[in-house]
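Since every read-out is calculated from the coordinates, none of them should be taken as a lab result. In this text the structure is predicted, and so the values were computed from the model without any measurement. Note that each Cβ is placed from the backbone with ideal geometry, even for glycine, and that neighbours are counted across all protein chains shown.
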Amino acid sequence: MKKIIIVLSALMLFAAQSHAQKSTVISGTLLGADGKPMVKSEVHLQKTQSSKPLQTVQTKGDGRFELTVQEKGVYYLSFTGINHYQSFAPVSLEVPAEIKVEVRLKQYAYVKNFDDVGIIGDFNDFNMRKAVPMTRQDDGTFVFEHDCEGKTFAYQIMGAESVGHSVNGTQADSYEYDNGGDYRSVVNVASGKVKVVFDPKKLPNSEEAGEAVVQFDAANVLQAQLLAGMQKRNQYRSSRRAYYTAHGQDLSGFTYDWSEALTAIPEKIATEKERSLRQVLLMQYLQIGGTGAAEELNKKLVAQALTDISPRSPLWSLSPDLMFEVVNWAEDKANGTEYLEQALQGHADSEVRANIFFAMLNRAEQDGDAEQLQTVYERMMREAADAPLTRYAKTRFNPNRATQSGKQLPAFSIKSLDHPDVIYSNEKMKGKIYLLDFWATWCGPCIAEMPGLHELYKKYKNQNFEILSLSFDGIPGVIGKFRGKKWNMPWLHAFVEGGFDSDLAQTFQVVGIPKPILVDGNSNSILATEDELRGEQFEKTLTKFLGKNMDSDGGDSVTTK
């Protein structure tokens, strides 16, 4: 019996060791901007930066944490804490390992003047577009009272953080993660009514708070290289955002100097003997091309990347929309087509496959290849059904969609933003060639279309052409502020209450903006949509329906009263 017990113990020990070898253990310390543990902080494992956590572990009282991971592939670690911005770090989990990382988060940057403070919560499903103003008190605090049936009341504050985050308040009995990088304050309810007090004086001082710091230990060279690449791309995005803000939401003159990276990365690739590190460097080189610098890439390195990096490599999950572009940069088109097919047949990440399918659909539409478009669409619906991008493809490329060229425009009726007594509808727009322009002031691609919209409106406005812009902004007030700056948008406007959740959005199948639709008001038929009405293609499409030689000084637009 003793021998049997010893044998069983040995087998159990072997099984435990085998199990441990199949796992990756991620440990370290997560602290706030002041170098101290936060009231609540957590580490999450996510497939993408925007997806919900697959795994979450709360830090201990001293900020230490340990996360045991069974997944294989490339993922993101997300670090969150009360009163702090979320930070990310990509990690490769292909080979079980011990990963150690030290993190210090960046504190929220709060507004200087708390003029408009709102609250969202259980009572309105945390809908930021339906934030309720809090009542300002003489002592500078803000108050909100609400009847509650439950024992707790969860909420977030709007208008306190400088970028527009919904953040935790200054009154809380506990906190819960909102799955988006921030926290909700939770207040206990004892009498069926809750009174929430937000006190700006209790917020931590953010003026001296430094940037976030994420650092892997020296043994984790691969993870450190992945992180360095992400940080470089973050610098590019920050520079782009700063330019965008400083130039009135216009990116037409933006440039970024990649010269240092374009020199340093190829040098590292040439000397790196570790295959996994070389693949990461090659991917980072390709990602520079994905920012619009493709012409600066060395074609030989692009070809090497498609040789060294498997089409089924989890590294493609870092930039799911990149593979199709890379294949187009390469000189060997036949091998590129085969490369894409191998990815479609065997890549584990449905988002990578969905992006390839989506790019193929765009290409088929541009080429006017209806048969290819139908084939790829049906395949995408079967083989990448769970990817978020597939939902957009259903409304963008569905052969039976309501808004496509040749179909009748669905009925609509919406109040004018500038003239509340005027209702815009199919009947009101009759007799015009008009553009329905679904947009928002926060939508970068929408703003990028502004130069073309203004130029073509000026050119064609007295040729029976009109624009009706339908805003998906949270509140109508921001539209007037936007139009008072660089782009005055001198055409018709309406505000879509509820945005993407509105009946109008459902009717017109709007799941992404900008969404332009060109309509013949006489026949109420759709003339063109989407890419036919964006960029350089827009003028070609308008010329097709309105003629080539138009007087640019033109007359008045459609009468609204």
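In plain terms, the chain from residue 520 to residue 299 could stretch by 75.0 nm, reckoned as 0.36 nm per residue minus the Cα-Cα distance. Order these by the 10 Å Cβ neighbour count, fewest first: 545, 438, 538. Exposure proxy ranking, most exposed first: 545, 538, 438. Both radii were evaluated on the Cα set of region 256-396; the Rg over Rh quotient, with Rh as the Kirkwood radius, amounts to 1.00.
Region 99-172 and region 258-296 have Cα centres spaced 42 Å apart.
Close amide H contacts of residue 93 (hydrogens built in the peptide plane, cut-off under 5 Å, sequence separation of 5 or more or a different chain): 73, 74, 75. Note on region 123-265: Cα Rg divided by 2.2 N^0.38 Å, N the number of residues, gives 1.45.
Only Lys, Arg, Asp and Glu carry charge here, each on its Cβ (+1 for the first two, -1 for the last two); on that basis the chain has a dipole of about 640 debye about its Cα centre. In a DSSP loop and with at most 10 other Cβ atoms within 10 Å, the GluC sites (Glu not before Pro) in region 288-367 are 331. Ranked from largest, the principal axis spans of the Cα set of region 23-103 equal 34, 25, 15 Å. The GluC sites (Glu not before Pro) found in region 96-158 that occupy coil by DSSP, while having at most 10 further C-beta atoms within 10 Å, are 149.
Applying a 4.7 Å Cβ-Cβ cutoff to the chain, the cysteines left without a disulfide-compatible partner are 148. Pairs spanning more than 30 Å between alpha-carbon atoms, out of 299/515; 106/201; 201/415; 22/47: 299/515; 201/415. Checking every one of the GluC sites (Glu not before Pro) in region 380-468 against DSSP loop status and a limit of 12 other Cβ atoms within 10 Å picks out 427.
Bridge orientation summary for the chain: considering DSSP beta bridges with both residues in this region, about 80 percent are antiparallel.
Take every pair of alpha-carbon atoms less than 8 Å apart whose residues are at least six positions apart; their mean separation over the length of the chain yields a relative contact order of 9 percent. Taking all Cα pairs closer than 8 Å and separated by 6 or more residues, the relative contact order of region 118-202 comes to 31 percent. As a rough footprinting exposure proxy, the listed residues 542, 251, 45 were ranked by other beta carbons within 10 Å of their own, and the order from fewest upward is 251, 45, 542. Over the chain, the pair-distance histogram of Cα-Cα distances with 10 Å bins from zero comes to 3, 14, 21, 24, 21, 12, 4, 1, 0, 0, 0 percent, rounded to whole numbers.
Taking all C-alpha pairs of region 118-202, those more than 19 Å from each other amount to 31 percent. Percentage of Cα-Cα pair distances in region 214-273 greater than 19 Å, rounded to whole percent? Taking all Cα-Cα pairs of region 214-273, the fraction more than 19 Å apart is 48 percent.
Put the Cα centre of region 70-85 next to the Cα centre of region 309-360 and the gap is 26 Å. The relative contact order of region 23-103, computed from alpha carbon pairs under 8 Å that lie at least 6 residues apart in sequence, is 41 percent. Diffusion of region 413-546 by Stokes-Einstein, at 10 °C in a medium of 1.306 mPa s and with Rh set to the Kirkwood radius over alpha-carbon pairs, works out to 106 µm²/s.
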